[in-house]
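The values are calculated or read from the model by the stated rules, or taken from the named source; none is laboratory data. Note that the structure is predicted; figures quoted are calculated from it, not measured. Counting neighbours? That spans all protein chains shown, and the Cβs are built from the backbone with ideal geometry, glycine included. These accessible areas exclude ligands, DNA and RNA; they are computed on the full protein's heavy atoms, side chains included. Shrake-Rupley method; radii C 1.70, N 1.55, O 1.52, S 1.80 Å.
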Amino acid sequence: MPHLRILTGGESHGASLIGIIDGIPAGLSLVAEQDINPILSERQKGYGRSYRQKIESDRAQILSGVRFGMTTGAPIALHIENNDWKNWSDKMSVTSIDKDREAVTIPRPGHADLAGAIKYGHMDDLRNVFERASARETAMRVAIGAICSKLLFEIGVVSVSFVKSIGTIEVNTSNTPSTVEELKNKISNSEVRMCDADATTRAIELIEEAKRQGDTLGGIVQAEFYNVPVGIGSHVQWDRKLDANIAQAVVSIQAVKAVEFGDGLNVASQRGSESHDEIRLDNKRITRTTNHAGGIEGGMSNGMPIIVRAAMKPISTLMQPLRSIDLVTSEQTNAHIERSDVCAVPSLSIIVERVVATVLADNVLDTFGGDTMTELQERVTKRRSQEMISK
């Protein structure tokens, strides 16, 4: 059973998003305006986003579990208001209304519309499915992940995320800065969170081309976590393996179709001598000469940076829609059109980083326990001392 218990609720155009995270130790400094809302703001940015991002100004409100800026150990409840609710209060009313509800009955290929309608019996109105299936839900997961990032930071773990590719445009890896701070500075100057100015320009041009054609674009993002203690996760059961937990969480993000660690799919064509990371001592600390494994071996963190990549498919809503059928009339027609992004890959990088942070925080607490941050920090410090060889 996970140490952290997490639940989210809310629809894309409902009144608000809500979330609860239970299991955060007491004594973690937490202020929404400093620790959560700046990250929510980053999630809304990125070239290719829809007009919705100009309507919303996501701000999390902490409703419980924090007093005088410190966590108490009680469940933390969060609330994010949907500013666009006022324009959708009739369509998304929780009570019955006299007006027609403007039912949507034409599913979009690639979306949850059809399968969800069949599963839950909503063939006469797909909005009951896609309002919850919407990636708007990730705003709350980012808010929860921001809390977990703060916990990780307090035990010395730092992270960064960026875009590796959008459509056919890939960053030149030789341009990647050598330090996390340099990488963050470079990403902050790119509208698509790429650390390559030339790739940024070409990606924006590609997004504009897709927009003119009524099409959408996907891409690949990468998240990196440094100074993770050795031994997070476990080899003893399939559901305790760290990479398995991360993979499940990342693939649960809307539109993500693949996840890889370290060298990822490339290991299939490598020899063992090329694929594994030799062990050495560096100032009495056990380390590796390379990081092909992406910081995880046998389902456990090995002390090297954890490297996770996620592949996002193009968004399902097209302004030049694919063909579909009307579930009520059975007529062949164009798929439903809903306000949507052309490209949300930059936003995905923020989401993946916080979702992975949530998994890491959960596994850290499962490994070390502790009802207070002081207890947790002491236990992590003790484990780090075991990564040293005294002789």
(message) In the chain, if the dipole is taken from +1 on Lys/Arg beta carbons and -1 on Asp/Glu beta carbons about the Cα centre, which of GLY73, SER161, ALA133 is farthest to the positive end?
(response) GLY73
(request) Would you be so kind as to identify which of HIS336, ALA293, ALA255 lies farthest towards the positive end of the dipole of the chain, taking Lys and Arg as +1 and Asp and Glu as -1 on Cβ and the Cα centre as origin? (result) ALA293
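Tell me the carbon and sulfur percent of the accessible area for region 77-123, rounded to whole percent, probe radius 1.4 Å. Kindly include the intermediate steps, with their values, before the conclusion.
Values: 1590 of 3050 Å².
The nonpolar share, carbon plus sulfur, comes to 52 percent.
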(message) Charges on Cβ only, +1 for Lys and Arg, -1 for Asp and Glu, centred on the Cα centroid of the chain; of GLY264, LEU365, ILE18, which one is farthest towards the dipole's positive end?
(response) LEU365
(message) Just to be sure I understand: with springs between alpha-carbon atoms less than 10 Å apart, which residue in GLY294, GLY69, GLY218 has the highest mean-square fluctuation in the Gaussian network model of the chain?
(response) GLY69
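Give a quick list of chymotrypsin sites (Phe, Trp or Tyr not before Pro) in region 34-90 that DSSP marks as loop, anything other than H, G, I, E or B, with at most 10 other Cβ atoms within 10 Å. Can you show the working numbers first?
Details: sites: TYR47, TYR51, PHE68, TRP85, TRP88; in loops: TYR47, TYR51, PHE68, TRP88.
Here the sparse-neighbourhood loop sites are TYR51, PHE68.
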(message) For the ranges 327-338, 137-148, 235-246, 279-290, what's the packing order if you count other beta-carbon atoms within 10 Å of each residue, average per peptide, and put the highest first?
(response) 137-148, 235-246, 327-338, 279-290
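Can you tell me which of 8-14, 349-355, 71-77 comes out highest on packing, and rank the rest after it, using the mean Cβ neighbours within 10 Å? Please list the in-between numbers first.
Numbers: 8-14: 19.6, 349-355: 26.4, 71-77: 17.7.
Top to bottom by mean Cβ count within 10 Å: 349-355, 8-14, 71-77.
Mind scanning LYS284/LYS382; LYS45/LYS257; LYS150/LYS241 and naming the pairs with a C-alpha gap bigger than 20 Å?
On the way: LYS284/LYS382 16 Å; LYS45/LYS257 22 Å; LYS150/LYS241 23 Å.
Pairs exceeding 20 Å: LYS45/LYS257; LYS150/LYS241.
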(message) Suppose every Lys and Arg Cβ carries +1 and every Asp and Glu Cβ carries -1, with no other charges. What dipole size does region 230-313 come out with about its Cα centre, to the nearest 20 debye?
(response) 140 debye
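Using +1 on the beta carbon of Lys and Arg, -1 on that of Asp and Glu, and nothing else charged, what's the dipole of region 85-234 about the Cα centre, debye to 20?
Working: 18 positive and 21 negative charges, 68 e Å.
Computed charge dipole of region 85-234: roughly 320 debye.
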(request) With everything on Cα atoms, drop me the angle between helix 138-154 and the longest principal axis of the chain, reported from 0 to 90° to the nearest 10. (result) 10 degrees
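If you place +1 on the Cβ of every Lys and Arg and -1 on the Cβ of every Asp and Glu, how big does the dipole about the Cα centre of the chain come out, in debye to the nearest 20?
Details: 44 positive and 50 negative charges, 115 e Å.
Dipole magnitude for the chain comes out near 560 debye.
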(message) Accessible area per residue for the chain in Å², computed with a 1.4 Å probe and the full protein assembly in place, what is it?
(response) 49 Å²
(message) Using only the alpha-carbon atoms, how far is helix 373-385 inclined from the longest principal axis of the chain? Give it as 0 to 90 degrees, nearest 10.
(response) 50 degrees
